[in-house]
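A short write-up of the structure that comes next.
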Amino acid sequence: VFGYNPRGGFMVLEGRVALSFANIGLIRRSSGELVLNVDSDTILASDVVRKLALRMQDDEIGAAMGQLTASNRNATWLTRLIDMEYWLACNEERAAQARFGAVMCCCGPCAMYRRSALDLLLDQYETQFFRGKPSDFGEDRHLTILMLQAGFRTEYVPDAYAATVVPDRLGPYLRQQLRWARSTFRDTLLALRLLPGLDRYLTLDVVGQNVGPLLLALSVITGIAQLALTATVPWWTVLTIASMTMVRYGV
């Protein structure tokens, strides 16, 4: 389709490269004032571009994301749970963050950026390293943090729908979550510097995102140790884990 459109084009990459490297190359080859990032397995609703562009009319907004759903929701029990998780992440977590002008991660499957803001950040974005090597994960969260660091707002548009393929087996899902957790913990160091200039709710949100999983891991380890050493069921630990889960997904 784009091969016959003089406004379209392709960039062919040799070998495996970080997604941020591909994004930067395409951004520098394009010319529009707004840049839409879409994953290859994502299907956009027909009005997504219009709705995101309308929100981006405010020059103070550097990025905006749409609402994500699972395109393969009915495949397995896991995809149905992930679809529910996406709804909660978008319509509770991101919506609450947007209320205070700072969505902490404009998710890669459907996010629109302002070119003038990107031009200020590309050099920092390009030099994203993790443990001495170019980072190949969490590019969407990192770019969002850079946007906030530069003084731009980031927004969530709940009626801009995008459906993306989610893992239908537990193994791939856990590997995906591990990548996302690594990017969350890594970019928290950047986010902490922003918090004094943001609403106090966002401080609570960022702290909860990082402390919660650590407390959960500690509870699991404590429960396993009690079961192994005393042969008794750690009901208090089970109750704690259940309570933390309900707080995480119900607040």
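Summary table below
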quantity	calculated
Residue tally, condition outside any strand (DSSP E or B) and either within 13 Å of Arg114 (Cβ to Cβ) or in contact (Cβ under 8 Å) with a residue 40 or more places away in the chain (or both), over the range 36-47	4
Enumerated helices (runs of 4 or more DSSP H) restricted to the range 132-238, each holding at least 1 residues that are farther than 30 Å from Leu54 by Cβ and among the aromatic types (Phe, Trp, Tyr)	170-194
Counted residues, the range 150-183 - those being closer than 17 Å to Ala111 by Cβ and without any contact (Cβ under 8 Å) to a residue 60 or more places away in the chain	2
Residue match in the range 48-62 (condition: among the polar types (S, T, N, Q), part of a loop (DSSP other than H, G, I, E, B), touching an Asp or Glu at 6+ places or on another chain (Cβ under 9 Å) and at pLDDT 95 or above)	no
Answer from Asp187, Asp168, Asp159 - the residue that is exposed (fewer than 13 other Cβ atoms within 10 Å of the Cβ) and acidic (Asp, Glu)	Asp159
Neighbours by Cβ (under 8 Å, 6+ apart or cross-chain): first from the range 79-91, in the same structural domain as Met65 (by TED's automatic domain parsing); second surrounded by 14 or more Cβ atoms within 10 Å (Cβ to Cβ) and at pLDDT below 95	Ile82/Tyr173
Given (1) hydroxyl-bearing (Ser, Thr, Tyr); (2) under 19 Å from the mean Cα position of the chain (by Cα); (3) modelled with pLDDT of 90 or more, number of the condition Ser135 does not satisfy	(3)
Condition check for Ala70: closer than 29 Å to Gln209 by Cα, within 17 Å of the chain's Cα centre (by Cα) and at pLDDT 80 or above	yes
Residue that is modelled with the highest pLDDT [pool: residues in the range 10-35 that are among the polar types (S, T, N, Q) and assigned to a loop (DSSP other than H, G, I, E, B)]	Ser31
Residue in the range 196-205 that is of a type in the set (Ser, Thr, Tyr), closer than 20 Å to Glu93 by Cα and surrounded by 12 or more Cβ atoms within 10 Å (Cβ to Cβ) present	yes
Condition broken by Gly66, with the remaining ones in (1) surrounded by 19 or more Cβ atoms within 10 Å (Cβ to Cβ); (2) small (Gly, Ala, Ser); (3) under 16 Å from Gln176 (Cβ atoms) satisfied	(3)
Residue that is surrounded by the most Cβ atoms within 10 Å (Cβ to Cβ), among those in the range 96-107 that are out of contact with any strand residue (DSSP E or B) (no Cβ under 6 Å at 6 or more places or on another chain) and either in a loop (DSSP other than H, G, I, E, B) or outside the structural domain of Asp59 (by TED's automatic domain parsing) (or both)	Cys105
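The values are calculated or read from the model by the stated rules, or taken from the named source; none is laboratory data. Since we're looking at a predicted model, the values are computed, not measured. Positions of Cβ are generated from backbone atoms using ideal geometry, with glycine treated the same way; all protein chains shown enter the neighbour counts.
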